[in-house]
Each structure stands twice: as structure tokens, then as C-alpha cells.
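For reference, the structure discussed in these notes is given below.
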Amino acid sequence: MGATDWLNPIKGFGVTFHHMFKKPVTVNYPEEKRPTAPRFHGRHQLNRWPDGLEKCVGCELCAWACPADAIYVEGGDNTDSERYSPGERYGRVYQINYLRCILCGLCIEACPTRALTMTNEYELADSSRESLIYTKEMLLAPLGPGMEQPPHPMRLGESEEDYYRLGQSNG
Ligand code: SF4
Ligand code: SF4
């Protein structure tokens, strides 16, 4: 034992006292919530074109890219009388299993139409396994101003070219 070792407990309490008068870094969650970083990877969202049609074309690239096998997609064919997306096909069934998802973002990188993006929402806990399998209805973005619930015809321009040009500039 060294000559000054008896001082160690006092030094230890000194650290404690020092921190007692500092501003706490802990947050009183869930009463108090801090905003996430802008690019935080939270819950997914299936986006729409400015007329309300869905951007998802049911291609399944997101499901193939997912390392956790968390996405299930079944595509369907659009018809002239029943159109959900401006393409030939749309995502008839779309599910994300948040029991599996690790929020890595590979699926959104794989999506060719930017249909799939991630929000900043992180409160994904729930009390049953079933409720953590999010359906297409849960993931679809809400209808914004000027949007109409599909199915409906393409409303942005006369041709596909006009549709995508107008959609990109407004979407
Ligand atoms: S964020 Fe990652 S784990 Fe989650 S669904 Fe997308 S690819 Fe799969
Ligand atoms: S979200 Fe994107 S990648 Fe996934 S099925 Fe739809 S269009 Fe394809």
C-alpha cells in the first residue's frame, strides 16, 4: 500500500460530487423525447405520386435486398378500370416484419422508384408479434393535398412521359 493510497476513496467521492452538479445527460423518456438525427433510419413509408397513385410497382427488389428476409411483396397487374400505380404493376400485398427488420436501409437503396423510404419514427415496440408485421395499409403515406385514394386513372398529364416529368417535379 502506497503512502497516499488512503486518499483514493476521497478522490472517488470527488468524482461523484463533481458530477452531482453537472447538467444531467439522461432524458426522461417517454415523457420527454429528443428529435432524432434527420437521416435516422426509422419506420418505413410507401410513398405516393402527387395525384395519390402509389410509387411501388411490386418489383420485389426491396425484398431481395433485405438481409433479414423481413419484406414480403406480391405484385398485381393494373388495369384501365383499376389502377393503383402508374406502371404496369403495383404492390398488391406489402408487408414488413419488424420482428426481423434491423433498420439497415438496404431495401430503400434497392427501390428503383423511391417508393420505399424510411421515416424518423422509432417507437416500434408492441405487445404482440402479429402487430409488428406492418401491412401495406399501415406503411402507405397518408393522402396529401390534391391526392385521391387509388384506384383511379393517372391524373398528371396525358402521356407517361408527362406523368413522370410532372410527378418528379412535384413529388
Ligand atoms: S431496413 Fe434492412 S432489415 Fe429492415 S426491411 Fe429494409 S433491408 Fe430489411
Ligand atoms: S418498394 Fe420499391 S423495390 Fe419494393 S416492391 Fe415496391 S417498387 Fe419494388
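Looking at residue 39 and the list (1) surrounded by 14 or more Cβ atoms within 10 Å (Cβ to Cβ); (2) away from ligand 2 (no atom under 13 Å from the Cβ); (3) under 16 Å from the mean Cα position of the chain (by Cα); (4) not hydrophobic (A, V, I, L, M, F, W, C), which single condition is not satisfied?
Unmet condition: (1).
Can you confirm whether segment 93-105 contains a residue that is in a loop (DSSP other than H, G, I, E, B), more than 8 Å from ligand 2 (Cβ to nearest atom), in contact with a Lys or Arg (Cβ under 7 Å, 6 or more places away or on another chain) and free of Cβ contacts under 8 Å to residues at least 40 places away in the same chain?
Pass one, segment 93-105, residues in a loop (DSSP other than H, G, I, E, B): 98-105.
Checking which are more than 8 Å from ligand 2 (Cβ to nearest atom) leaves us with 98-105.
Still in the running and in contact with a Lys or Arg (Cβ under 7 Å, 6 or more places away or on another chain): 99.
Subsequent filtering for residues that are free of Cβ contacts under 8 Å to residues at least 40 places away in the same chain retains 99.
So far as segment 93-105 goes, yes, one or more of its residues are in a loop (DSSP other than H, G, I, E, B), more than 8 Å from ligand 2 (Cβ to nearest atom), in contact with a Lys or Arg (Cβ under 7 Å, 6 or more places away or on another chain) and free of Cβ contacts under 8 Å to residues at least 40 places away in the same chain.
Could you please give the count of residues in segment 95-110 that are more than 8 Å from ligand 1 (Cβ to nearest atom), in contact with a strand residue (DSSP E or B) (Cβ under 8 Å, 6 or more places away or on another chain) and closer than 17 Å to residue 39 by Cα?
0
From the list 68, 63, pick out the single residue that is under 30 Å from residue 91 (Cβ atoms), aliphatic (A, V, I, L, M), under 16 Å from the mean Cα position of the chain (by Cα) and not in a loop (DSSP other than H, G, I, E, B).
Working: 68 fails: not in a loop (DSSP other than H, G, I, E, B).
Unique residue meeting the criteria: 63.
Filter segment 71-88 for residues that are over 17 Å from the mean Cα position of the chain (by Cα) and more than 9 Å from ligand 2 (Cβ to nearest atom) and give the result. Spell out how you get there, then give the answer.
Taking segment 71-88 and keeping what is over 17 Å from the mean Cα position of the chain (by Cα), we get 74-88.
Result: 74, 76, 77, 78, 79, 80, 81, 82, 83, 84, 86, 88.
On the basis of being of a type outside the set (A, V, I, L, M), in contact (Cβ under 8 Å) with a residue 24 or more places away in the chain, surrounded by fewer than 20 Cβ atoms within 10 Å (Cβ to Cβ) and more than 8 Å from ligand 1 (Cβ to nearest atom), does residue 72 make the cut?
yes
Before we move on, is residue 170 of a type in the set (S, T, N, Q), under 15 Å from residue 43 (Cβ atoms) and either modelled with pLDDT of 95 or more or exposed (fewer than 12 other Cβ atoms within 10 Å of the Cβ) (or both)?
On the way: of a type in the set (S, T, N, Q): yes; under 15 Å from residue 43 (Cβ atoms): no; either modelled with pLDDT of 95 or more or exposed (fewer than 12 other Cβ atoms within 10 Å of the Cβ) (or both): yes.
So residue 170 fails the test.
The values are calculated or read from the model by the stated rules, or taken from the named source; none is laboratory data. All figures in this text were calculated on a predicted structure; none of them were measured in a lab. Virtual Cβ from ideal backbone geometry, glycine too; neighbours counted across all protein chains shown.
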